1. So residue 50 passes all but one of these: (1) modelled with pLDDT under 70; (2) surrounded by 11 or more Cβ atoms within 10 Å (Cβ to Cβ). Which condition number does it fail?
2. How many of the residues making up segment 59-86 are at pLDDT 85 or above and either assigned to a strand (DSSP E or B) or touching a strand residue (DSSP E or B) at 6+ places or on another chain (Cβ under 6 Å) (or both)?
């Protein structure tokens, strides 16, 4: 289970690095380059991004939400980053205030 957590952290770091690189290049391309050299710079920028994507093969889709405590990847609340099982236990003992047991 710890191996999955370490792997997930590495994926998130690589993805953020690539995303920052893309944002910087896009900003430079749109704002700082002249109209005459846009075609040449677009070609160079496209090649750099392709090389970066081929080497890493990371996308936003591959990154999963995981529970902070149990590292479970299914049934995770986005707001709390906790799995449904841990949330149920926290609600039972009153750690998450404002939630009550549903009675039908």
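The values are calculated or read from the model by the stated rules, or taken from the named source; none is laboratory data. Keep in mind that this is a model prediction, so the values were computed, not measured. As a convention, Cβ positions derive from the backbone with ideal geometry for all residues, glycine included, and neighbour counts pool all protein chains shown.
1. It is condition (2) that residue 50 fails.
2. 6
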